[in-house]
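The values are calculated or read from the model by the stated rules, or taken from the named source; none is laboratory data. Not measured: the values here are computed from a predicted model. Methodologically, a virtual Cβ is constructed for each residue, glycine included, from the backbone with ideal geometry; neighbour enumeration extends over all protein chains shown.
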């Protein structure tokens, strides 16, 4: 073989090898689709401003699932949901990813669309919504994390809010329409009835604008509510600072579901640890990508909640915070 031909052959092999390696890497990569229509898609990645999403991807990386290497991530957020969450979910199922990660009440949408694609969800009560036979043995194509600690959690939040604001007479509830109609609604109604408080409910949609939330708060006030419970969802977590400001301007004491809302100016929260939930979610995603069946992976249920109080906001609302409440708080913002 002539020297020029030999060098040419080496050069061709040098070019072909990385291409072949890239093709092999692409072939071996798994596809993770993320569905969170309340949040901007720019947040649904490992360099997100959201601590929860950063925690998810950091844990996936620790487990060996690395975006851009053996994992392709397709994020479907607010920008892709212009035709509604149902249409977006249908598009995701049609694309046939290896796993779908769902954040929020939208998990029930996928139940109607697929019984084959594995789905990991951060959701309410998976048994009540019919996506799992039980927490220990889901049995179908769903697993993940349940943020529903049972109906008592709403009774606890109402009791804490009443301790902060003893003269509360009518409770406002800011909640997503899907949650009110399908998931948390019955438990909240039962808790309010047991506590002896009539409800003024304001339902909001995924992706509601600032004007929409302003209208929701005005509606709650108009219905006679003098205090508010903001129910947990990716939407209310994303809009926590805005909701806190609107409720503060309306002089409505409120209890939130996220500590971050209190840090942004909300009065108080009885909340679970978002970072822990996202880290927990990485484990069933990893297990499924390695071949496990979602129906064999137990749902993790939140059991730890923390109380946080913003003393500055309490002062602005003219509230005297009971020393006993401060004493049991896990976080106090002065």
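Filter the stretch 75-85 for residues that are surrounded by 14 or more Cβ atoms within 10 Å (Cβ to Cβ) and assigned to a helix (DSSP H, G or I) and give the result. Walk me through it before giving the result.
Of all residues in the stretch 75-85, those surrounded by 14 or more Cβ atoms within 10 Å (Cβ to Cβ) come to 75-78, 80-81, 84-85.
The answer is 78, 80, 81, 85.
Quick one: which residue in 194, 208, 167 is surrounded by fewer than 21 Cβ atoms within 10 Å (Cβ to Cβ) and under 12 Å from residue 233 (Cβ atoms)?
Answer to the selection: 208.
For the stretch 93-105, which residues satisfy the criterion of being under 18 Å from the mean Cα position of the chain (by Cα) and either surrounded by fewer than 19 Cβ atoms within 10 Å (Cβ to Cβ) or under 14 Å from residue 36 (Cβ atoms) (or both)?
As a first pass, look at the stretch 93-105 and keep what is under 18 Å from the mean Cα position of the chain (by Cα): 99-105.
Answer for the stretch 93-105, where residues must be under 18 Å from the mean Cα position of the chain (by Cα) and either surrounded by fewer than 19 Cβ atoms within 10 Å (Cβ to Cβ) or under 14 Å from residue 36 (Cβ atoms) (or both): 100, 101, 102, 103, 104, 105.
Please indicate, with yes or no, whether at least one residue in the stretch 264-271 is touching a residue at least 40 places away in the same chain (Cβ under 8 Å), in a loop (DSSP other than H, G, I, E, B) and within 18 Å of the chain's Cα centre (by Cα).
For the stretch 264-271, residues touching a residue at least 40 places away in the same chain (Cβ under 8 Å), in a loop (DSSP other than H, G, I, E, B) and within 18 Å of the chain's Cα centre (by Cα): absent.
Of the residues 122, 117, which is touching a helix residue (DSSP H, G or I) at 6+ places or on another chain (Cβ under 7 Å) and part of a loop (DSSP other than H, G, I, E, B)?
Values: 122 fails: part of a loop (DSSP other than H, G, I, E, B).
Residue meeting the stated conditions: 117.
Of the residues that make up the stretch 134-147, is at least one free of Cβ contacts under 8 Å to residues at least 12 places away in the same chain, farther than 19 Å from residue 308 by Cα and outside the structural domain of residue 230 (by TED's automatic domain parsing)? Write out each step before concluding.
Going residue by residue through the stretch 134-147, those that are free of Cβ contacts under 8 Å to residues at least 12 places away in the same chain are 134.
Now narrow it down to the ones that are farther than 19 Å from residue 308 by Cα: 134.
Narrowing the set further to residues that are outside the structural domain of residue 230 (by TED's automatic domain parsing) leaves 134.
Yes, the stretch 134-147 has at least one match.
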